[in-house]
Amino acid sequence: MGKRTWNLAGALLPAITAALLLIAFYVVFLEVPTERTMGVIQRIFYVHVPSAWISFFAFFVVFVSSLAYLATGQARWDWAAVSAAEIGLVYCSIVLTTGPLWAKPVWGIWWTWDARLTSTLVLFMIYVAYLLLRNAVSDPSRRANLAAAVGIIGFLDVPIVYMSIRWWRTQHPQPVIAGGAGSGLDPEMWRGFLWCLAAFLSLFAWYFRERYRMERMRAELESLQREMSPRP
Amino acid sequence: MRNLFWAYAAVWLIHLGYLFRLASGQKKLSDDLAALKKSVVERER
């Protein structure tokens with residue numbers, strides 16, 4: 001990405017994101033119809049599902065960037081991987097918070113150890129471990145190599161989370177989107193869902209830019225500190 | 001209804017918390033970097 005595009009993204013993304021969020025919440029609360037059986041609590045769906053999709057996307061970015069780092073050895077891929085991992089965790093924590101808040105009035109329980117919920121919690125813990133590992137290793141090259149290995153292996157849980165409600169009988173609802181015959185969304189609900197997805201994706205892009213910038217500064221700081229420290 | 005409120009409140013709080021983490025993290029790194037560059041210049045003198 002050119003420097004000009006990078007700077008333009010920095011200037012435009014906050015405004016685009018704010019506009020998309022306003023439209024998304026307007027559509028979700030004032031235009032989308034209320035679901036017949038669950039009532040208003042179903043509106044949690046519009047933040048829960050897009051957040052889950054964006055966390056999958058973020059962990060996919062970690063996977064690709066980790067592979068690229070191991071193939072090229074360029075630090076920028078490691079910066080991209082850690083940035084995406086942290087943002088993926090932000091979205092995954094939204095999934096794990098909004099899910100139980102929806103489940104309690106609908107199922108009567110906050111949590112159950114079914115395949116979807118358990119594999120999502122495992123996904124969250126994998127990327128917490130990824131960040132903890134990075135903090136524990138001080139040598140940048142060793143840290144990047146170890147983190148890349150975890151970033152690649154950890155991604156294996158994403159298809160398991162996605163397919164869990166297709167492979168196993170779960171308390172979690174069966175797929176509404178891409179779920180085959182009998183599944184699907186009302187066109188008005190689709191509109192709410194797509195606006196939320198666009199707003200959260202724009203937020204992801206903004207976060208990514210800012211987090212990547214932070215990682216670049218950290219790398220510069222570490223390199224200067226190494227130059228300054230007395231050699232044995 | 002109460003859970004719907006808390007779900008959307010949680011979404012906002014998590015995002016605001018992360019924005020704060022990004023802003024404070026960038027400021028700290030930028031201050032540390034400026035201080036280190038200054039000490040490099042002073043050492044070279």
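Only the coordinates and a few stated rules stand behind these numbers; no lab work does. Keep in mind the model is a prediction, meaning the values are calculated, not measured. Here the Cβ positions follow ideal geometry from the backbone for every residue, glycine too, while neighbour counts run over all protein chains shown.
Would you list which aspartates and glutamates come within 14 Å of B:Lys27, measuring only between C-alpha atoms, while excluding same-chain residues fewer than 8 positions from it?
A:Glu210, A:Glu215
With an 8 Å Cα cut-off and a minimum separation of 6 or more residues, compute the relative contact order for chain A in percent.
Relative contact order here is 32 percent.
Can you give the angle from 0 to 90° between the axis of helix A:45-72 and the longest principal axis of chain A, with both taken from C-alpha atoms, to the nearest 10?
In chain A, helix A:45-72 runs at an angle near 30 degrees to the longest axis.
Would you compute, from DSSP H runs of 4+ residues alone, the mean residue ellipticity of the protein assembly as shown at 222 nm, taking -39500 (n - 2.57) per run and dividing by the full residue count, rounded to the nearest 500?
-28000 deg cm²/dmol
With a cut-off of at most 10 other beta carbons within 10 Å, and DSSP calling the residue loop, which trypsin sites (Lys or Arg not before Pro) in the stretch A:123-232 qualify? Please list them.
A:Arg169
Please give me, ordered by residue number, the trypsin sites (Lys or Arg not before Pro) of the stretch A:1-77 that lie in loop per DSSP and have at most 16 other Cβ atoms within 10 Å.
Sites meeting the loop and neighbour criteria: A:Arg36.
Rounded to whole Å, give me the distance from the Cα center of the stretch A:1-70 to that of chain B.
That distance is 21 Å.
Which of A:Trp6, A:Val62, A:Val49 sits farthest toward the positive end of the charge dipole of chain A, with +1 on the Cβ of Lys and Arg and -1 on the Cβ of Asp and Glu?
A:Trp6
Starting from the Cα of A:Gln174, step 7 Å along the direction of its Cβ; do the same at B:Trp6; then give the gap between the two resulting points in nm.
3.0
In terms of the Cα gyration tensor, with a ≥ b ≥ c the square roots of its eigenvalues, is the stretch A:1-139 rounded because a/c is under 1.5, prolate because a/b exceeds b/c, or oblate?
It is oblate, given that a/c is not under 1.5 and a/b is not larger than b/c.
Taking the number of other C-beta atoms within 10 Å as the exposure measure, put A:Leu117, B:Leu16 in order starting with the fewest.
Taking fewest neighbouring Cβ atoms as first place, the list is B:Leu16, A:Leu117.
What is the angle, in °, between the Cα long axis of helix A:157-167 and the longest principal axis of the Cα atoms in chain A? Nearest 10 is fine, range 0 to 90.
Rounded to the nearest ten degrees, it is 20.
So what is the relative contact order of the stretch A:97-220, in percent, for Cα pairs below 8 Å that sit 6 or more residues apart?
Relative contact order of the stretch A:97-220: 20 percent.
Give me the angle, in degrees from 0 to 90, between the Cα long axis of helix A:3-26 and the longest principal axis of the Cα atoms of chain A, rounded to the nearest 10.
20
Please give the charge dipole size of chain A, origin at the Cα centre, charges +1 on K and R Cβ atoms and -1 on D and E Cβ atoms. Round to the nearest 20 debye.
Its charge dipole is roughly 360 debye.
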